[in-house]
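Asker: Take this structure, written in structure tokens, and hold onto it; I'll ask about it next.
The values are calculated or read from the model by the stated rules, or taken from the named source; none is laboratory data. Values in this document were obtained by computation on a predicted structure and should not be read as measured data. Backbone-built Cβ (ideal geometry, glycine too); neighbour counts: all protein chains shown. Accessible surface is based on the protein model in full, side chains and every heavy atom, while ligands, DNA and RNA are left aside. Shrake-Rupley method; radii C 1.70, N 1.55, O 1.52, S 1.80 Å.
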Amino acid sequence: TVQIFGTVKEELCAAAQLLESIGVSIVDLNMGCPVHKVVRGGGGSAMMREADKTVALVHALVGSVKIPVTVKMRLGWDDANISAPFFAREFEQAGVAAITIHGRTRAQGFSGSVNRAGIRAVVEAVKRIPIVGNGDIRTVEDARTMFAETGCAAVGIGRGALLNPWIFQQCEAALVRGEPVV
């Protein structure tokens, strides 16, 4: 999987086609980055502020390749603009294969706690595509809690792996094979 970001439909479609031509299996659109240099150009989580343009872009991106297209996004721009459930429904209709939802808004950045109820709202907004819950997964118990409270199909582990690079093995052992956490 290769993640791409940007705001120009033609450029993103061309990038996805290039990636497909060299054997990439999945293209992931980054709508989650809260970093100022990405957002000020309209990319990352800023895409959540332009619903019509973003939905049209995702439709075009999905239609431009035969490989699966996934999207990673945040809950919304800020607490007053929680748009992820809307986008999830629209993206499912566009043919997106899966969505990773980071349980914070752009305004939160990486501060505060993940909003698992917000992730659950995204899970409930779609009919069939898998939703990956992301944010604050630092332990096996955090992963269990994410599954239990959100109903997500999978968990995404990012910065938590920097603190505990063994978390992937630990989660596989405990959550897949049922072994005790050591």
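Asker: Looking at Arg177 and the list (1) open to solvent by 60 Å² or more (accessible area, probe 1.4 Å); (2) in contact with a helix residue (DSSP H, G or I) (Cβ under 7 Å, 6 or more places away or on another chain); (3) more than 17 Å from Ile101 (Cα to Cα), which single condition is not satisfied?
Answerer: (2)
Asker: Separate question: Limited to the stretch 117-131, what total is found for residues that are open to solvent by 20 Å² or more (accessible area, probe 1.4 Å), in contact with a Cys (Cβ under 9 Å, 6 or more places away or on another chain) and within 14 Å of Ala148 (Cα to Cα)?
Answerer: 2
Asker: Suppose we keep only residues that are farther than 26 Å from Asp52 by Cα and part of a loop (DSSP other than H, G, I, E, B) within the stretch 19-28. Which one would you say is least open to solvent (accessible area, probe 1.4 Å)?
Answerer: Across the stretch 19-28, the extreme among qualifying residues is Val24.
Asker: For residues that are under 18 Å from Lys72 (Cβ atoms) and buried (at least 16 other Cβ atoms within 10 Å of the Cβ), tally how many sit in the stretch 146-174.
Answerer: Residues in the stretch 146-174 being under 18 Å from Lys72 (Cβ atoms) and buried (at least 16 other Cβ atoms within 10 Å of the Cβ): 7 in total.
Asker: Can you say whether Gly103 is among the small types (Gly, Ala, Ser) and buried (at least 20 other Cβ atoms within 10 Å of the Cβ), as far as the supplied structure shows?
Answerer: Yes: the conditions hold for Gly103.
This table checks each residue for (1) surrounded by 14 or more Cβ atoms within 10 Å (Cβ to Cβ); (2) in contact with a Gly (Cβ under 9 Å, 6 or more places away or on another chain); (3) of a type in the set (Gly, Ala, Ser).
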{"residue": "Phe5", "(1), (2), (3)": "yes, yes, no"}
{"residue": "Gln17", "(1), (2), (3)": "yes, no, no"}
{"residue": "Val39", "(1), (2), (3)": "yes, no, no"}
{"residue": "Ala46", "(1), (2), (3)": "yes, no, yes"}
{"residue": "Ala60", "(1), (2), (3)": "yes, no, yes"}
{"residue": "Val65", "(1), (2), (3)": "yes, no, no"}
{"residue": "Trp77", "(1), (2), (3)": "yes, no, no"}
{"residue": "Phe91", "(1), (2), (3)": "yes, no, no"}
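Asker: Mind checking whether some residue in the stretch 47-65 is over 20 Å from Arg120 (Cβ atoms) and of a type in the set (Lys, Arg)?
Answerer: yes
Asker: Now, a different point. Inside the stretch 59-95, can you point out the residues that are of a type in the set (A, V, I, L, M) and within 23 Å of Ala107 (Cα to Cα)? Lay out the reasoning, then the answer.
Answerer: Kept after step one, since they are of a type in the set (A, V, I, L, M), are these residues of the stretch 59-95: 60-62, 65, 67, 69, 71, 73, 75, 80, 82, 84, 88, 94.
Correct list: Val71, Met73, Leu75, Ala80, Ile82, Ala84, Ala88.
Asker: Does the stretch 4-14 contain any residue that is out of contact with any Pro (no Cβ under 8 Å at 6 or more places or on another chain), among the polar types (S, T, N, Q) and in a helix (DSSP H, G or I)?
Answerer: no
Asker: Looking at the stretch 9-52, which of its residues are modelled with pLDDT under 95 and over 19 Å from the mean Cα position of the chain (by Cα)?
Answerer: Result: Lys37, Arg40, Gly41.
Asker: Under 7 Å between Cβ atoms, at least 6 apart or on separate chains: pull out the pairs that start in the stretch 165-177 with a residue that is without any contact (Cβ under 8 Å) to a residue 60 or more places away in the chain and end on any residue that is charged (D, E, K, R) and outside any helix (DSSP H, G or I).
Answerer: Every condition considered, the pairs that remain are Ala173/Glu179.
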